[in-house]
1. Among the listed residues PRO76, PRO64, identify the single one that is touching a residue at least 40 places away in the same chain (Cβ under 8 Å), within 18 Å of LEU148 (Cβ to Cβ) and of a type outside the set (A, V, I, L, M, F, W, C).
2. Based on what the data block shows, is VAL139 surrounded by 17 or more Cβ atoms within 10 Å (Cβ to Cβ), closer than 17 Å to LEU48 by Cβ and free of Cβ contacts under 8 Å to residues at least 60 places away in the same chain?
3. Applying the selection to the stretch 45-102, what residues are closer than 21 Å to ALA142 by Cβ and among the acidic types (Asp, Glu)?
4. Looking only at the stretch 46-80, count every residue that is surrounded by fewer than 20 Cβ atoms within 10 Å (Cβ to Cβ) and in contact with a Gly (Cβ under 9 Å, 6 or more places away or on another chain) and tell me the total.
5. Could you list, in sequence order, all residues of the stretch 93-126 that are among the polar types (S, T, N, Q) and either over 13 Å from ASP68 (Cα atoms) or surrounded by fewer than 22 Cβ atoms within 10 Å (Cβ to Cβ) (or both)?
6. Please enumerate the residues belonging to the stretch 83-121 that are more than 12 Å from the chain's Cα centre (by Cα), among the polar types (S, T, N, Q) and within 21 Å of LEU147 (Cα to Cα).
7. Here is a check on your reading of the model: is GLY129 within 13 Å of the chain's Cα centre (by Cα), in contact (Cβ under 8 Å) with a residue 60 or more places away in the chain and farther than 12 Å from ASP68 by Cβ?
8. Looking only at the stretch 107-148, count how many residues are hydrophobic (A, V, I, L, M, F, W, C) and in a strand (DSSP E or B).
Amino acid sequence: MRMWKSILVVTVVAMLLATLAVGRWPRTSGAGQATAEPAADTGKIAWLTSLPEALEAARAEHKPILVDFFATWCGPCRLMDEETWPQAEVVAAAGEYVAVRLDVDAHQQAAAQFDVTGIPTVVFLDASGKETHRSVGFVDAAAMLELLSKHKP
């Protein structure tokens, strides 16, 4: 429980900083509902939603794994859903990975296994599941492209 309180505090601070940096809150419709799509359906990246399935695919395809730990209530995560993941160059670069998105609320065990203490957290794994790099916090498209190219096989 203590870990989740820490994650919440870090996320709220990150969301406020991202909001200040970008200069806006997430857009809402007239009914006050956020207009961003649900996180699992963003962009054109073929996201898996199961780490075991991703590991199996990575071994079969001899590809590294890109894991995006997020939450639907996370402002910086939603900002990445709007501004980073849908970019054509990011989608193309992510195609060299087995991509998996894990909601930290639904996948608490995986978040704990990877010691996720703030979101968004993007973890790069080799095909065997060994962590090779991680990024915590909002990452814009240019920085994500750099990460994706730096950590591909």
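1. From the options PRO76, PRO64, the qualifying one is PRO64.
2. no
3. ASP68, ASP81, GLU82, GLU83, GLU89, GLU96
4. Residues flagged as surrounded by fewer than 20 Cβ atoms within 10 Å (Cβ to Cβ) and in contact with a Gly (Cβ under 9 Å, 6 or more places away or on another chain) within the stretch 46-80 amount to 4.
5. GLN108, GLN109, GLN113, THR117
6. The answer is GLN87, THR117.
7. So GLY129 does not fit the description; no.
8. 5
Where a number appears in this text, it was derived from the coordinates with a stated rule and is not lab data. Remember, predicted model here, so these are calculated numbers, not experimental data. Cβ atoms come from the backbone with ideal geometry, glycine included; neighbour counts cover every protein chain shown.
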